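The values are calculated or read from the model by the stated rules, or taken from the named source; none is laboratory data. Note that the structure is a prediction, hence the values are computed from the model and not measured. So basically every Cβ, Gly included, is an ideal-geometry build from the backbone, and we count neighbours across all protein chains shown. In case anyone asks, the SASA skips ligands and DNA or RNA and just uses the protein heavy atoms, side chains included. Shrake-Rupley method; radii C 1.70, N 1.55, O 1.52, S 1.80 Å.
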Amino acid sequence: MKSYVSVLLATAVLGAAVLSAQTNRGSLTGTVTDITRAVVPEAQVTVANAQTGTRYQAQTSAGGVYTVSELPFGSYSVSVSKTGFRAAQVKEITITVNQVTRLDVTLQVGEVHQSVEVTERAVALQQDTATVQTTYNRKFMSELPLALGTFSLRAPESFMFLTPGVVGSTWNATINGGQTFANEVLLDGASTGRTWHPGNFDESAPSVDALGEFSIKTNAFSAEYGRTGSAVTSFAYKSGTNDPHGSLYYFLRNEALDARGFYRQNTSDRKHDFGGTFGGPIYLPKLYNGRNRSFFFVSFEAFLTDRPYTASPQVVPTELQRQGDFSELLRLRDPVQIHHSGDGTPYAGNLIPRSQWSKVSSYALQFIPKANMVQPGTGLMRWYSVGVPTTLRNNLETVVLDHNFTESQRFHYSWSRRNNHRFRDPENLLPIDNPLTRMRDQTYTTNQWRATLDTVFTPTLLNHLNLGLDRVKSSNFSVTHGRDFVKNSGLMNVANSHTPQQSIGGYMTLSVGEANIQYDTRWELADSLAWVRGKHTVKFGGEIRRTRYNFPSYDNSGGSFSFSATQTASLAGVGGDGFASYLLGAASSASKKDPRVTPGWRFLYTAAFLQDDWKVIPRLTLNLGLRWEVDFPRVEVLNRTSGLNLRVPESEGGRLMPPSWF
């Protein structure tokens, strides 16, 4: 069990105290004073979203400090008023994801009905916390070139590499020297990822056109952030506004449109990426008008590509070797003699009689391709190279809903689904219809649900409730399933599920034993309470994450066989050839997997935190935090697993022990 308490050291920074929530929201903070620089307590602060009309209320504390948390990114106007002073109006205040924006306001003596428009803009510099953070807004994401990710789809994580300290790829980036897959990724405020590759977002990310902003924190997090070995990346969806808006797009790439290469013709490169977005107020004619109250946003994207898979030339038997004639090997610079696999006596002329061939190898021979290239160094025609067609299909859908019950209670919901399907990695360059191909059929489907409820109890007390649910299904199967190779070849004592993997020393490997499905379901419940009192902005809360990971695996249930030159070498270990051993059926090793159970792993993580940002003086803020985390060890749902405990003497039943919660 891993349990630890982390104490964030007090950090002195310039500016006012504030707290940024572990959501996709931003915060606005500041101090209200009069023209003598005296603080103004109990001033009413109203923040209005320019796109949706949603209003957020706050009140300055006895120290003149106000904080408005849980603000969706966008443009806002701010109004500050108190009896005996003219109301102050500030427009075009930009709030970004997970960032604190500072706006100090000075009130002038006068009547409340009089107003003063303040032209000074909010301070965007992160001067209220010690967090090192980079934010990428909507303009940045839409106008900069975007690299393709693992699945050749436009990957929003590609922008991360513009942040100092981030290296690697969208699949396994490292940040500030941390481990791969150690980045905490938040989508709409809840953690995302998967059990076997936490911190990876490349295969699960929604359409980049569905995202409005994202930020990456690389150092000095507040106490509310944890379970990360490097950084915290937070993505926020776009939302509907009072004005309906949408987009349609189609990106095409085809080698026919590319300039011709200087030395050779362009290879096939065909990609289609199309989709659209639409959002606005929820409106039902004569029934409901959601302007300033209820909004929706939807996004769809599809990506299609067909491209040839290429790899290094594969070694295949020569035309004579396919007939059992290995005499060519005797004419090499270093002659190779073939021997009987049993007693080690040499075959005369390196000729293996057909009567000694394995029936399984004889059946498989018809599917092994013939050479089309000469192998350098030997002069033998036994290299095979060709481009193998592969396909990739991605479909991504997103739905976002927002509803304001009152000015004191707001609800947000989002759902995103992504389906990736591809035929991948035929390393031996055999096409999909060949029962010896190593091509896999992979389907990866992600569903992500988010729901949040913000409740303002008083102008200085806000509760944020966040619920997240992720469901991932990943299936990887050899495309040889259902080809009946085992049955038709006469192979015994293995399942007739897929073609067994056959590794031939010095030659191409035939088939692949991959056959598994992974189900990963994780839910997360988090709640936090933000309280502004005097010169303190205090936030405390906790979270619980529960994961169910089931992994039905039938890898190598059809068997795995290896053939090496050793089986046809002399008793002294001289000579021999891997394909000669294969023809004879003389395997150097053989194994099979006989799955009896499907393990069901369960994970539990809990955490609680307390954060106090204390504005000691106008130019000094202390960020104080305490976090407690317990990451329980995984357990098997039916207790069908054992562990090793070196503290238990062997005389007391050995050192194997069943798992327990604690």
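Is it the case that V109 is within 43 Å of the chain's Cα centre (by Cα) and either open to solvent by less than 20 Å² (accessible area, probe 1.4 Å) or over 17 Å from N137 (Cα atoms) (or both)?
It is false that V109 is within 43 Å of the chain's Cα centre (by Cα) and either open to solvent by less than 20 Å² (accessible area, probe 1.4 Å) or over 17 Å from N137 (Cα atoms) (or both).
So which residues in the stretch 515-565 are more than 28 Å from the chain's Cα centre (by Cα), of a type in the set (A, V, I, L, M) and surrounded by fewer than 20 Cβ atoms within 10 Å (Cβ to Cβ)?
L529, V538
Residues of the stretch 273-308 being open to solvent by 80 Å² or more (accessible area, probe 1.4 Å) and without any contact (Cβ under 8 Å) to a residue 12 or more places away in the chain, which ones?
Across the stretch 273-308, the qualifying residues are Y283, L284, P285, K286, L287, N289.
Name the pairs: first residue in the stretch 244-258 and in contact (Cβ under 8 Å) with a residue 40 or more places away in the chain, second residue hydrophobic (A, V, I, L, M, F, W, C), Cβ to Cβ under 7 Å, at least 6 apart or on different chains?
Pairs found: Y249/F274.
Sort out which residues of the stretch 456-485 are more than 26 Å from the chain's Cα centre (by Cα), in a strand (DSSP E or B) and surrounded by fewer than 17 Cβ atoms within 10 Å (Cβ to Cβ), and write them in order of number.
Residues satisfying the conditions are F457, T458, L461.
Can you work out which of the residues in the stretch 72-97 that are among the β-branched types (V, I, T) and outside any strand (DSSP E or B) is surrounded by the fewest Cβ atoms within 10 Å (Cβ to Cβ)?
Among those that are among the β-branched types (V, I, T) and outside any strand (DSSP E or B), it is T83.
Name every residue in the stretch 141-174 that is modelled with pLDDT of 80 or more, of a type in the set (V, I, T) and in contact with a helix residue (DSSP H, G or I) (Cβ under 8 Å, 6 or more places away or on another chain), in order of residue number.
Within the stretch 141-174, V166, V167 qualify.
Could you list, in sequence order, the residues of the stretch 621-662 that are modelled with pLDDT under 65, open to solvent by 100 Å² or more (accessible area, probe 1.4 Å) and over 23 Å from Y605 (Cα atoms)?
Within the stretch 621-662, E650, S651, E652, L656 qualify.
How do the pairs read when you match residues in the stretch 573-587 that are without any contact (Cβ under 8 Å) to a residue 60 or more places away in the chain and under 17 Å from A364 (Cβ atoms) with residues anywhere that are open to solvent by less than 30 Å² (accessible area, probe 1.4 Å) and not in a helix (DSSP H, G or I), using Cβ under 7 Å and keeping only pairs 6 or more apart or on different chains?
Every condition considered, the pairs that remain are A587/F563.
Among V512, V538, which is the only one that is touching a strand residue (DSSP E or B) at 6+ places or on another chain (Cβ under 9 Å) and assigned to a loop (DSSP other than H, G, I, E, B)?
On the way: V538 fails: assigned to a loop (DSSP other than H, G, I, E, B).
It is V512.
Give me the pairs, please: first residue somewhere in the stretch 604-619 and within 30 Å of E636 (Cα to Cα) and touching a residue at least 60 places away in the same chain (Cβ under 8 Å), second residue anywhere and among the aromatic types (F, W, Y) and in a strand (DSSP E or B), beta-carbon distance under 6 Å, and either six or more positions apart or on two chains.
Filtered contacts from the stretch 604-619: A608/W628.
Search the stretch 566-578 for residues being within 19 Å of A348 (Cβ to Cβ) and either of a type in the set (S, T, Y) or touching a helix residue (DSSP H, G or I) at 6+ places or on another chain (Cβ under 6 Å) (or both), and hand back the single one that is surrounded by the most Cβ atoms within 10 Å (Cβ to Cβ).
That would be T568.
Report those strands (runs of 3 or more DSSP E) wholly inside the stretch 329-422 carrying at least 1 residues which are modelled with pLDDT of 95 or more, surrounded by 15 or more Cβ atoms within 10 Å (Cβ to Cβ) and within 28 Å of the chain's Cα centre (by Cα).
On the way: elements: 373-375, 380-384, 388-406.
Per the criteria, 388-406.
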